[in-house]
Amino acid sequence: MELLAGPTGGRYNPATSVAGRRPISVGWTLLPRLDVTQINTTLRPWLLRHVCEFWKQRIIDPSGGFFEELDLTGEPVRLRTRTTLVQARLTYVFSHAFWLTGDPDFRGAAAHGYEFLCDRCRAPDGSGFYRAVDGDGRVVDCCRDAYDQAFVLFAMAWFARICHSAGPLDIAKQTLCFMQAHLADGRHGGFLEEWLPGRQDLKLPRRQNPHMHLLEATLALFTTSGEVVWLRHSSDLIELMLTRFVDRQTGSLIEFFASDWQPAAGPPGRWREPGHHFEWVWLLLEFMRRSGDRTISDQAARLFEFGTRFGIEREGTVAGAVFDGVDAGGVLLAGTKLFWPQMEFIKACLARYETLGDKNAWPLIVRHLELILAGFLRPDGATWYNQLARDGTPMSVTTPARVLYHLFLAFAELDRVRPSNGARC
């Protein structure tokens, strides 16, 4: 695997085509093969000065919000729809980028997203955030989705770190109050999928996924504010996960449920996503790191064991990549490979390395970096093939902006935890 060095010395991904692995001439100089020592000097410039700059220059719509995706040439797909999910995730990305650099342009990008979220995506009466609006703020889908609200909380946590104002934390509290009033399931626990004024029917199946990201958001809010109430919310979500989401027979993570948190009937109830197993590993160990509660380490280990035993490709040109789906017994159901589970595998290994002292996790991280740089990243070094067929053939044309959140968080964690970085935050 080769890295590229630009005229300014910033280093980033290999300019290779997936089919044939031939370097593509883009005016950059090839550098030696990546190893652990090079991670220490190339990672941060690539992430912040190449990836984030690339996206910042393209994804911002000056008339309002962020575009939803980039095309195969790296230019924005100029549709008018703006989902709350994308606006929140990119507000997080640029907030974190400012946190790491102090670059006012990143702060401006984060503020652009924050203002669009609050001014155009939020219901005027404060009753949550719409699923989608257009660039002018006209409502496209007025449903309030629990998954979207979770990412609003996450965005508020990170924007609050850089704006030195109580406003984002106040909005986070108001949004959680809305969720508790309209989405909380007082009978079976957890939150319902969505709320739409005037509609009484229950959307099924229920998912573990919104709760996973609510845990991520409450942990971020605790870190930002220091308010223990957010850690208590995190603890409640972990208890729900341990009692409802885990298949006790296999130790795996159930994805879809009936209204009473019993596994959904048929194939949905047997579906398992290795990427979510790794994402939960990172979150459980992050909670352990923040709270000091080590009682959940065994569950994190079981999830990691299931994910690595059944969820990793063992053969072919993309051996080592994370599969999209298996069943409860580990039988492969979807041999395709989305980009985001690769990021979650890195995060899970990082958490094991940092929190559990697992030295064997670091070589896994390095090998996965090689796989990602050679097989997933496009020649521009800032976008990616969002899904590969089992043989490594790209299946996607556009690069969805919502997935930048996965890339940024994984590589920001890698920069924070890497062995030569003595800082621990």
Counted residues in segment 244-271 being of a type in the set (Lys, Arg) and touching a residue at least 24 places away in the same chain (Cβ under 8 Å) come to 2
Picked from segment 297-331 (must be buried (at least 20 other Cβ atoms within 10 Å of the Cβ) and of a type in the set (Val, Ile, Thr)), the residue farthest from residue 406 (Cα to Cα) is 326
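If we scan segment 305-312, do we find a residue that is outside any helix (DSSP H, G or I), within 30 Å of residue 373 (Cα to Cα) and among the β-branched types (Val, Ile, Thr)?
Scanning segment 305-312, I find at least one residue that is outside any helix (DSSP H, G or I), within 30 Å of residue 373 (Cα to Cα) and among the β-branched types (Val, Ile, Thr), so the answer is yes.
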Taking segment 386-425 and keeping residues modelled with pLDDT of 95 or more, small (Gly, Ala, Ser) and more than 20 Å from the chain's Cα centre (by Cα) leaves 389, 392
How many residues of segment 93-114 are of a type outside the set (Gly, Ala, Ser) and under 19 Å from residue 141 (Cα atoms)? The answer is 0
The residue that is surrounded by the fewest Cβ atoms within 10 Å (Cβ to Cβ), considering only those in segment 100-132 that are closer than 19 Å to residue 64 by Cβ and acidic (Asp, Glu), is 119
Those residues of segment 37-92 which are acidic (Asp, Glu) and either closer than 22 Å to residue 142 by Cβ or at pLDDT below 95 (or both) amount to 61, 68
How many residues of segment 234-284 are over 15 Å from residue 215 (Cα atoms) and of a type in the set (A, V, I, L, M)? The answer is 6
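When segment 198-220 is examined, which residues are found to be of a type in the set (A, V, I, L, M, F, W, C), more than 16 Å from residue 179 (Cα to Cα) and either touching a helix residue (DSSP H, G or I) at 6+ places or on another chain (Cβ under 9 Å) or crowded, with 22+ Cβ neighbours inside 10 Å (or both)?
First pass over segment 198-220, keeping only residues of a type in the set (A, V, I, L, M, F, W, C): 202, 204, 212, 214-215, 217, 219-220.
Keeping just the survivors that are more than 16 Å from residue 179 (Cα to Cα) gives 204, 219-220.
Listed by number, the residues that qualify are 219, 220.
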When every residue in segment 204-256 that is among the small types (Gly, Ala, Ser) and assigned to a loop (DSSP other than H, G, I, E, B) is compared, the one nearest to residue 153 (Cα to Cα) is 226
Worksheet item: Do we have residue 380 as assigned to a loop (DSSP other than H, G, I, E, B), farther than 23 Å from residue 323 by Cβ and not aliphatic (A, V, I, L, M) here?
Response: yes
**Item:** Test result for residue 184, buried (at least 19 other Cβ atoms within 10 Å of the Cβ) and small (Gly, Ala, Ser)
**Value:** no
Log entry, pairs with first residue in segment 360-385 being more than 16 Å from residue 44 (Cα to Cα) and modelled with pLDDT under 95, second being among the basic types (Lys, Arg) and not in a helix (DSSP H, G or I), beta carbons closer than 8 Å, six or more apart or on different chains, reads 374/21
Can you confirm whether segment 153-161 contains a residue that is within 26 Å of residue 64 (Cα to Cα), surrounded by fewer than 22 Cβ atoms within 10 Å (Cβ to Cβ) and under 24 Å from the mean Cα position of the chain (by Cα)? yes
Picked from segment 378-418 (must be touching a strand residue (DSSP E or B) at 6+ places or on another chain (Cβ under 6 Å) and among the aliphatic types (A, V, I, L, M)), the residue surrounded by the most Cβ atoms within 10 Å (Cβ to Cβ) is 388
Taking segment 272-292 and the residues there that are surrounded by fewer than 19 Cβ atoms within 10 Å (Cβ to Cβ) and in contact (Cβ under 8 Å) with a residue 24 or more places away in the chain, the one that is farthest from the chain's Cα centre (by Cα) would be 291
Residue hits (segment 396-410; outside any strand (DSSP E or B) and closer than 19 Å to residue 344 by Cβ) are 396, 401, 402, 403, 404, 405, 406, 407, 408, 409, 410
Note on segment 112-126: residues within 13 Å of residue 92 (Cβ to Cβ) and among the hydrophobic types (A, V, I, L, M, F, W, C) are 117
Just one listed residue, out of 79, 70, is surrounded by fewer than 19 Cβ atoms within 10 Å (Cβ to Cβ) and either of a type outside the set (D, E, K, R) or at positive phi (or both), and it is 79
Within segment 173-203, the residues that are outside any helix (DSSP H, G or I), of a type in the set (A, V, I, L, M) and closer than 20 Å to residue 129 by Cβ are 183, 184, 192, 196
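The values are calculated or read from the model by the stated rules, or taken from the named source; none is laboratory data. Quick caveat, the model's predicted, so the values are computed rather than measured. Neighbour counts run over all protein chains shown; Cβ positions are idealised from the backbone, glycine included.
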